[in-house]
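Reviewing the structure listed below.
Read the figures in this text as sums done on the coordinates, not as results from a lab. What you see is a predicted model, and the numbers here were worked out from it, not measured in a lab. Don't worry about glycine lacking a Cβ; one is built from the backbone with ideal geometry, like all the others, and counts go over all protein chains shown.
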Amino acid sequence: MKLLLIYCKRFGYTPTVKTVESGNDFCMPAEYENVQVAFIHVEQADIEKDKEAEKKLIKNLKWVCGKNQVNKIILHSFAHLSESKADPEFTMLFFNRIEERMKNAGYEVHQTPFGYFLDLQVDAPGFSLARVFKDI
């Protein structure tokens, strides 16, 4: 799994092109303030180590939220950080489990529309932990 974690003063998106047939049919634009955005690339190997990958992702999300003093997180499937990709069905279920676990831990969690190209609006300040890359 690859993670690109970006703290944003403001993050917004508008769905443009549907790329995965099993993705939601009805998607609206959204905008958030003071949010940790997690660009997550789930790889084929993560299927085999499912629970371990889930645990490591949760740990990294909690860590970066703590460092950036935010309680709001956006999960964004970003299949452009590696050549290896998990299948869309696994990835959607994985994201749903991560969302549920983070909500149960007291975080406000949102997901971008799965299976869409999005126009993104990113207002990310330049400080040490505003941008973090992890290979887990």
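For region 63-71, the criterion of being assigned to a loop (DSSP other than H, G, I, E, B), more than 24 Å from ASN104 (Cα to Cα) and either within 16 Å of the chain's Cα centre (by Cα) or free of Cβ contacts under 8 Å to residues at least 40 places away in the same chain (or both) is met by none of the residues.
Taken over region 1-53, the criterion of being among the polar types (S, T, N, Q), surrounded by 15 or more Cβ atoms within 10 Å (Cβ to Cβ) and either touching a Lys or Arg at 6+ places or on another chain (Cβ under 8 Å) or in a helix (DSSP H, G or I) (or both) is satisfied by GLN36 alone.
From the set of residues in region 92-111 that are loosely packed, with under 15 Cβ neighbours inside 10 Å and of a type in the set (S, T, N, Q), which is nearest to HIS41 (Cα to Cα)? By that ranking, first place goes to ASN96. The set of residues from region 1-37 being under 29 Å from ASP50 (Cα atoms) and among the hydroxyl-bearing types (Ser, Thr, Tyr) comprises TYR7, TYR13, THR19, SER22.
Cβ separations smaller than 8 Å between residues 6+ apart or across chains give the following pairs from region 99-128 residues that are in a helix (DSSP H, G or I) to residues that are surrounded by 12 or more Cβ atoms within 10 Å (Cβ to Cβ) and among the polar types (S, T, N, Q): GLU99/GLN111. In the set (1) among the polar types (S, T, N, Q); (2) in a helix (DSSP H, G or I); (3) touching a Leu at 6+ places or on another chain (Cβ under 7 Å), ASN96 fails one condition alone, (3).
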